[in-house]
Amino acid sequence: MQEEEAEPTWSSGERELLVAAASGEPAAVRWLLDEVAPVVYGFVFARVGGDQAAAQDLLQETLMEAVRSAEGFRGESALSTWMCSIARRRLARYYERERRAELARRSLHLVGAAAVDNEAEADFARQDEVVRALGCLPVLQRQVLVLKYIEDMSVQEIADHLHRNRVQVQSLLQRGRDGLRRQLTGAEGA
């Protein structure tokens, strides 16, 4: 019998590696952390507005859930795709927590708004600027922009996902785009 030394196939190799990583096999754990985790981190990082701490936390939660659910991975897609679907559910919970925290902050009637970091260095790529600007937006506006322009969801799909109507989603999208534009041009004020 000839053993395969090549890249694992989606149907068997990745599934076997995930199961091995879940059982603590060092080479499989290294593979999971070196090959799959960076893809999932990039997926999450862009969706949390460049918040490294939040992205790292969500990646860790995703990895833990993937390891716990290793036997459930059927290998019908790439492992990174399967883990990004886990991350998507974790992101939904993250956004919900952020919305609740924002409502709690508003109810405290704090005086003074958080300062927006407009000290973007000139050598950052435009993508980094957009991610940073996105992170400065209110959570709900950030979420609808991510769902619309990164997840490529329709307004109706977003409305269904957030349990809102189309007009509310369109309003959130417009405010989000305006806020993002202000952040990117460095304009101050409302």
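The values are calculated or read from the model by the stated rules, or taken from the named source; none is laboratory data. The model shown is predicted, which means the values in this text are computed figures rather than measured ones. Note that we place each Cβ from the backbone using ideal geometry, even for glycine, and neighbour counts take in every protein chain shown.
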Cross-chain or 6+ apart pairs with Cβ under 7 Å, segment 158-175 first and assigned by TED's automatic domain parsing to the domain that holds L145, then surrounded by fewer than 16 Cβ atoms within 10 Å (Cβ to Cβ) and not in a helix (DSSP H, G or I): A159/N165
Restricting segment 102-145 to residues that are surrounded by 13 or more Cβ atoms within 10 Å (Cβ to Cβ) and β-branched (V, I, T), the residue that is modelled with the lowest pLDDT: V116
Residue check for L59: of a type in the set (A, V, I, L, M, F, W, C), under 25 Å from V139 (Cβ atoms) and not assigned by TED's automatic domain parsing to the domain that holds A133: yes
